Amino acid sequence: MKTETSSTATCPLCGQSYTGRPAVSRTDNKTFICPECGTRQALESLGISIAEQNEILETIHRSQLDNH
Ligand SMILES: [Zn+2]
């Protein structure tokens with residue numbers, strides 16, 4: 001049984017609506033962004049290229065689908 005609240009918010013970075021727990025932008029530490037942009041910013045801070053970020057996010061999406 002799912003207990004998480006599903007409030008919907010819109011990410012100011014990518015403009016997509018998302019549900020669940022937001023991430024906090026690393027640029028100002030107060031803007032809420034979607035988990036995907038949060039992951040991107042984290043990867044970017046590690047010096048990972050956008051192409052690699054896309055691959056990692058794709059892997060994350062795939063593993064989330066597998067969790068059903
Ligand atoms: Zn986003």
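What follows draws every value from the coordinates through simple rules; no lab data is involved. Note that the coordinates shown come from a computational prediction; the quantities given were computed from them, not determined experimentally. Every residue, glycine as well, gets a Cβ built from its backbone with ideal geometry; the counts of neighbours run over all protein chains shown.
So, R0 is 22 Å and r is the distance between the beta-carbons of SER17 and LEU46; what FRET efficiency does that work out to, to 0.05?
Here the calculated transfer efficiency is 0.20.
Using a 7 Å offset from the Cα along the Cα-to-Cβ direction at both THR8 and ILE56, what is the distance between the two label points in nm, to one decimal?
That separation, rounded to one decimal, is 2.9 nm.
Would you work out if the range 8-66 is rounded, prolate or oblate? Take a ≥ b ≥ c from the square roots of the eigenvalues of the alpha-carbon gyration tensor; rounded if a/c is under 1.5, else prolate when a/b is larger than b/c, oblate otherwise. Don't jump to the answer; show the numbers that get you there.
Numbers: a/c = 2.15, a/b = 1.15, b/c = 1.87.
Cα axes put the range 8-66 in the oblate bin.
Determine ³J(HN,Hα), in whole Hz, for all residues of the range 39-53 in sequence, where each value follows from phi through the Karplus function 6.51 cos²θ - 1.76 cosθ + 1.60 and θ = phi - 60°; x replaces Gly and Pro.
Along the range 39-53, the couplings run 5, 4, 5, 5, 5, 4, 5, 8, x, 8, 5, 4, 4, 5, 4 Hz.
Would you please give the residues with an amide H less than 5 Å from that of LEU13, counting only those at least 5 places away or on a separate chain, with H modeled from the backbone geometry?
So LEU13 has HN proximity to CYS34.
Can you work out ³J(HN,Hα) from phi for every residue in the range 13-18, in order, using Karplus 6.51 cos²θ - 1.76 cosθ + 1.60 and θ = phi - 60°, giving whole Hz and x for Gly and Pro?
After applying 6.51 cos²θ - 1.76 cosθ + 1.60, I find 7, 9, x, 8, 7, 9 Hz.
If pairing requires two Cys Cβ atoms under 4.7 Å apart, which cysteines of the chain are left without a partner?
Isolated Cys, the chain: CYS14, CYS37.
Enumerate the amide H contacts of VAL24 below 5 Å, restricted to partners 5 or more residues apart or on another chain; note that Pro and chain-start residues carry no placed amide H.
Counting only residues 5 or more places away or on other chains, the set is ILE33.
Anyone know which of GLU36, GLU58, GLU44 comes out most mobile in the 10 Å Cα GNM of the chain?
Its mean-square fluctuation being the largest, the pick is GLU58.
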